[in-house]
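Just below is one structure, and these are the notes that go with it.
Just so it is clear, none of the values below were taken in a lab; they were calculated from the coordinates. Treat the numbers as computed from the prediction; the structure is a model and nothing was measured. In this analysis, Cβ positions are derived from the backbone assuming ideal geometry, glycine residues included, and neighbour counts consider all displayed protein chains.
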Amino acid sequence: MPYEASPARYDTPSFFARCGRSGLMLPKISLGLWHNFGGVDQFENSRALVRRAFDLGITHFDLANNYGPPPGSAEENFGKMLTLDLAPYRDELVISTKAGYRMHPGPYGEWGSRKYLLSSLDRSLQRMGIDYVDIFYHHRPDPSTPLEESMGALAQAVRSGKAIYAGVSNYDAPTTARAARILRDLGVPALIHQPNYNLFNRWIEPELLGVLESEGMGCIPFCPLAQGLLTNRYLGGIPADSRAANANSPFLNADRVTPETVAKVQKLNAVAQERGQSLARMALAWVLRDARVTTALIGASKVSQIDDCVGATENTHFSSEELAKIDAILA
Ligand SMILES: NC(=O)c1ccc[n+]([C@@H]2O[C@H](COP(=O)([O-])OP(=O)(O)OC[C@H]3O[C@@H](n4cnc5c(N)ncnc54)[C@H](OP(=O)(O)O)[C@@H]3O)[C@@H](O)[C@H]2O)c1
């Protein structure tokens, strides 16, 4: 049976938020393809995740050149999903990709040169089988390449029609301000910043968020669930099918699931229960409580997780007592 998207997918207009001061609206929950979409993963599961997400109004899918493993395979798989399911809906999708981390050996396989960024974008488009991405990011700052060169490459990507918007990721506040200024001077406003941000990691407050607000940029926090730590996943040990137990996921090892962390997560879980939310929903709501945050960029291994996460948008308000309680747990 060919895929037909749910007719109800846009029934909740409040699920969308404006990205900074741009014209682009993004869903408040976006789906990233860092884990569970590579060549080592079950394609039909990855496909079911993307279909369910789109059915729920998640129009934004986030990739990078190196997502897999092996690197590049998440883009290839997403390209297959476009062919099989989503091609008729291309104009309804916001597809992003990035370059910055190591993609291939040699001096042109990582960081921020114009050579690397523009050739990487071409390869990403080939792997996905599309003419353009909606957002092209510089994935991490490059201390050795002039910022003008990296931003010039993003501007060139947009001018050439291979990207619609430009973004930066993992940039600190002063570098973001400089990047925004350079892009503005080049006539290609910076759309968005993608930082790591969650209950455990609050480095973007207040300086970076202030820069994004004054520059009119949106904010799409990644790992809002701290890779699953801020969910009920590890409350009773380390499940065999979890990221912490997965040898293909070196970024969350079992040794991160310490008794101290689990004890904090248990207390957070109690606060979530008082709010009538799952812990995952509360963690996402907490990220989305600030109007400067456009969308929370989640990952998922199961369709039921996406269903749960989308429900976070139903209550993103926190009383000052709730915020104080959360801060005390994490102090
Ligand atoms: N720009 C960058 O440098 C950068 C870096 C990292 C990530 N990212 C982006 O951010 C995206 C998200 O990162 P992430 O996957 O680490 O995000 P995350 O949302 O913090 O963690 C996702 C994991 O949490 C668990 N989970 C999700 N929903 C759940 C629920 N409702 N209940 C219980 N467990 C739940 C799942 O773990 P299990 O797999 O164990 O089931 C899932 O794989 C990436 O795909 C990528 O697009 C960007």
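Taking a straight line from the alpha carbon of LYS98, these lysines sit under 22 Å away, with near neighbours fewer than eight places off in the same chain left out: LYS28, LYS80, LYS115, LYS162.
When you restrict to C-alpha pairs under 8 Å that are six or more residues apart and normalise by the size of segment 48-104, the relative contact order lands at 45 percent. Sequentially through segment 310-316, phi angles give Karplus couplings (6.51, -1.76, 1.60; θ = phi - 60°) of 4, x, 4, 6, 5, 8, 10 Hz, Gly and Pro residues having no value and appearing as x.
Approximating the spin labels as points 7 Å out from Cα along Cα→Cβ, the ASN248-to-ARG292 distance works out to 3.7 nm. Which angle from 0 to 90°, rounded to the nearest 10, does the C-alpha axis of helix 173-185 make with the longest principal axis of the chain? The two axes meet at around 40 degrees.
Order by neighbour count: TYR116, TYR3, TYR137, fewest other Cβ atoms within 10 Å first, most last.
TYR3, TYR116, TYR137
Ordering LEU118, LEU279, LEU199 from the fewest to the most neighbouring beta carbons within 10 Å gives LEU118, LEU199, LEU279.
For the chain, the longest principal axis of the C-alpha atoms and the axis of helix 43-55 are separated by about 80°.
The amide H of HIS60, built 1.01 Å from its N in the peptide plane, has LEU31, VAL94 as neighbours under 5 Å, considering only residues 5 or more places off or on other chains.
So for the chain, averaging the separation of alpha carbon pairs under 8 Å that are six or more residues apart and normalising by length, what relative contact order in percent results? Once divided by the residue count of the chain, the mean separation gives 18 percent. Entry note, segment 1-152: relative contact order of 20 percent, from Cα contacts under 8 Å with a spacing of 6+ residues. Between the helical axis of 320-330 and the longest alpha-carbon principal axis of the chain there is an angle of about 80 degrees. Within the same chain, lysines fewer than 8 places from LYS325 are excluded, and of the rest, those with a Cα less than 22 Å from its Cα are LYS264, LYS267.
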